[in-house]
1. Between the range 10-74 and the range 242-306, what's the alpha-carbon centroid distance in Å?
2. On the principal axes of its Cα set, how long, how wide and how thick is the range 310-409? Give whole Å, largest value first.
3. For a quick check: with amide H placed at 1.01 Å from N, whose amide H comes under 5 Å from N5's, ignoring anything fewer than 5 positions away on the same chain?
4. With axes computed from alpha carbons, what is the tilt in degrees of helix 442-457 against the longest principal axis of the chain, rounded to the nearest 10 within 0 to 90?
5. Whose amide H sits under 5 Å from the amide H of V60, counting only residues 5 or more places off or on another chain, with H placed in the peptide plane?
6. For T260, which sequence-distant residues (separation of 5 or more, or a different chain) have an amide H within less than 5 Å of its own amide H, given hydrogens modelled in the peptide plane?
7. As a check on your grasp of the helix formula, calculate [θ] at 222 nm for the chain: sum -39500 (n - 2.57) over DSSP H runs of n ≥ 4, divide by the residue count, round to the nearest 500.
8. In µm²/s, what is D for the range 32-134 at 20 °C and 1.002 mPa s, where D = kT/(6 pi eta Rh) by Stokes-Einstein and Rh is the Kirkwood radius from Cα pairs?
Amino acid sequence: MLIYNTQTRRKEEFRPIEKGKVRMYVCGPTVYDEIHIGNARTFLCFDVVRRYLTYRGYSVTFAQNLTDVDDKIINRANEQGRAAREVSEQYADAFIKQMHRFGILDPDIRPRATREIAAMQEMIQGLIDQKHAYAVPFGDVYFSVRSDPHYGILSGRNVDELMSGARIEKNEQKKDPLDFALWKATKPGEPSWPSPWGDGRPGWHTECVAMIHRYLGVPIDIHGGGQDLIFPHHENETAQCMCNWHTPLANVWMHTGMLTIDGEKMSKSLGNFYTLKEVLDKYPADALRLLMLQTHYRSPLDFSFERLSGAIGTLERLKSCVKNLKWAAKNAPQDGGLSDHDRALTKAVKEAQASFTAQMDDDFNTAGGLAAIFGLVTAGNTYLSEAGSDTSTAAALRAADALVELSCVLGIDLSSKDPEGLPSELIDLAKRYTDFDGDDPVEAAQALIETRQNARKAKQWDTADAIRDGIAGLGLVIEDTQAGARLRKKA
Ligand code: AMP
Ligand code: ZN
């Protein structure tokens with residue numbers, strides 16, 4: 001498997017530190033507002049990296065932080081006359097909610113900066129003890145960039161180049177314009193923690209390194225973020241790790257290209273953004289995923305609503321092929337053997353699986369992976385239109401399953417059962433139950449539960465599941481309790 005490593009500027013064969021295991025980390029958001037779809041692109045790309053590594057048999061441990069103390073949060077809180085903590089908690093919740101809607105899997109570990117202060121202070125003290133950092137009288141602590149002979153290794157910049165343009169702000173007491181803050185002395189009204197250098201809060205570049213060391217151990221296999229984080233954020237992260245623990249922070253550095261609008265980077269400061277929430281309020285999450293994954297993760301991606309509409313159509317093609325194949329499987333003649341059409345389709349399945357893996361093995365080429373999926377859609381549609389009654393259950397089902405499985409590696413969920421698959425009288429019963437206002441329509445609930453139980457008794461598990469899922473699609477859950485099954489509205 002090849003992965004492009006920002007540090008070496010080439011694709012390298014991926015070799016995890018520990019056989020079969022991958023430890024990865026992706027810098028999380030600063031929680032001061034809803035994230036925009038540019039941020040979402042970066043998180044999506046790493047969600048797919050993680051899903052694909054898992055698909056390839058690795059056991060992946062994935063950590064992502066929440067930056068919940070920062071100038072942006074403090075400014076937002078001051079503007080709104082609220083506590084910084086209230087603001088950061090609101091947007092941390094909002095972030096997690098939108099990630100779920102976007103189909104992004106939760107990290108295994110989600111540390112928050114404000115809960116990791118001790119680990120950060122310990123690292124800062126280590127850097128001071130080793131003369132890589134110094135405290136100034138006001139209580140700031142700075143990292144001494146020139147004390148690190150490797151500084152610039154990740155971004156390929158050298159210290160002298162960086163000197164031009166660097167300057168010391170009036171309120172700063174650092175010794176060298178290149179130095180960056182590890183600890184910031186508190187200002188009135190800001191959140192702060194006691195420290196050996198005075199009350200203050202951690203600098204942004206310090207957070208991730210301390211958390212990575214604490215939760216994953218250094219070095220890790222993969223560290224990721226958007227390309228705008230390569231310098232200075234990731235350069236500063238690896239410098240601290242190198243100086244404190246004498247090991248690089250990560251073996252492979254992966255960076256995603258920027259999402260742009262009319263060729264310009266989407267950013268809060270330019271005002272040219274759409275929040276993930278507003279887009280997901282109007283469009284299917286999987287269409288946005290599909291649109292984003294049609295471009296390689298390292299390339300820039302120009303977003304437009306026309307392209308998103310196009311992706312909705314593409315998603316529909318994929319979904320209806322799966323549905324039609326399942327239908328063909330259900331209605332295949334019972335005693336039919338394998339026809340030439342079946343054999344051709346089975347061959348197309350194998351080719352699509354092999355091509356998908358080959359593309360994804362080449363630095364997560366999701367566009368190539370999607371092309372493999374759509375190659376199978378074309379073969380599936382040909383089969384459906386040409387095979388007539390010459391179909392077999394096994395061939396059609398295998399093709400449908402392959403489409404579902406490969407799409408799932410990209411986080412596109414085609415497995416959900418269609419609530420319309422529920423017989424209409426059951427839908428009517430469920431609606432009577434959801435719409436009730438006042439007396440519990442006991443009969444409706446009982447009828448639903450009984451229909452499911454009869455299916456189970458008859459060992460018609462698919463039907464029983466379809467009833468449960470169909471009902472869930474209408475906002476109801478069947479709970480199996482000791483006293484029997486019960487129906488209730490979802491919270
Ligand atoms: P921030 O909260 O600004 O640190 O951003 C969170 C993540 O989103 C970081 O990994 C950034 O590199 C990434 N990011 C920010 N803007 C964009 C963009 N326009 N396109 C892709 N990724 C972005
Ligand atoms: Zn970071």
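Bear in mind these aren't lab numbers, they're just calculated from the coordinates by the rules spelled out. All of these numbers come straight from a predicted model, not from anything done at the bench. Cβ: placed from backbone, ideal geometry, glycine included. Neighbour counts: every protein chain shown.
1. 12
2. 45, 26, 19
3. Here the answer is R10, K11, E12, since their amide H atoms fall under 5 Å of that of N5.
4. Helix 442-457 and the main axis of the chain meet at about 80 degrees.
5. Here V22 satisfy the definition.
6. Placed amide hydrogens put M266, L301, D302, F303 under 5 Å from T260.
7. Per the formula, -15000 deg cm²/dmol.
8. Using the Kirkwood radius from Cα pairs, D works out to 135 µm²/s.
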